[in-house]
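Every number here is computed from the coordinates shown, using simple stated rules; none is lab data. Because the structure is a prediction, the values reported are computed rather than measured. Here Cβ is always computed from backbone atoms with ideal geometry, including for glycine, and neighbour counts include all displayed protein chains.
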Amino acid sequence: MVAELEALLPDLDPADRARSLAAIAQHHMLGDDIEPATRVALTAERAAEELDLRDVLLQARIERASALLVDGDPAGQQLLAETVVRAEQAGEHVLAARGLFNLMGMGQLPTDERPGVVRRFQRQLDLAGYESMGGWLPGAVVESNMAEGGLDRGRALAGRTG
């Protein structure tokens, strides 16, 4: 299926090609195909920069950073964190939520940073009206509250969300 889409890329107008490349990069990243995810994301980034497609640029960077993170490259975490901030500032709430989700799930966040990231993730989900990732949130909220408020507070929250 992806090969069929890739075969159609030359026939697309430049903006649609850039968007398609970002989607293909996401497909590869989700399949843990790190090299193609990184390569295609870089191509999408270049096209998005040339065409001034901010949303595509943000998506492509989230895919590339996430792929780097999966591959154990510490540069991925920094790039992902920076790109998420840009997505939040641009009002790209779905992209910001996806990036924060990946950062929490794959990143090596210090315990004291997790509560703030969880709050940002919850806010972006709310702003995006994006509930499909929300099922993961109660556990993250409990974990972050345990880090902030101690074991008793975390247990009380776990009782309410379980």
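Quick look at the values:
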{"item": "Sites D126 and Q78 - FRET efficiency at Förster radius 30 Å, r taken between beta-carbons, to 0.05", "result": "0.70"}
{"item": "Protection proxy ranking, peptides 6-16, 111-121, 20-30, average beta carbon neighbours within 10 Å, highest first", "result": "20-30, 111-121, 6-16"}
{"item": "Rounded if a/c under 1.5, otherwise prolate or oblate - the stretch 32-90, Cα gyration tensor axes", "result": "oblate"}
{"item": "Hz values of 3J(HN,Hα) by residue in the stretch 97-111 - Karplus curve (6.51, -1.76, 1.60), Gly and Pro given as x", "result": "5, 4, x, 5, 4, 5, 4, 5, x, 10, x, 9, 7, x, 3"}
{"item": "In nm, spacing of pseudo-spin labels at L30 and L12 (7 Å Cα→C-beta vector)", "result": "1.5 nm"}
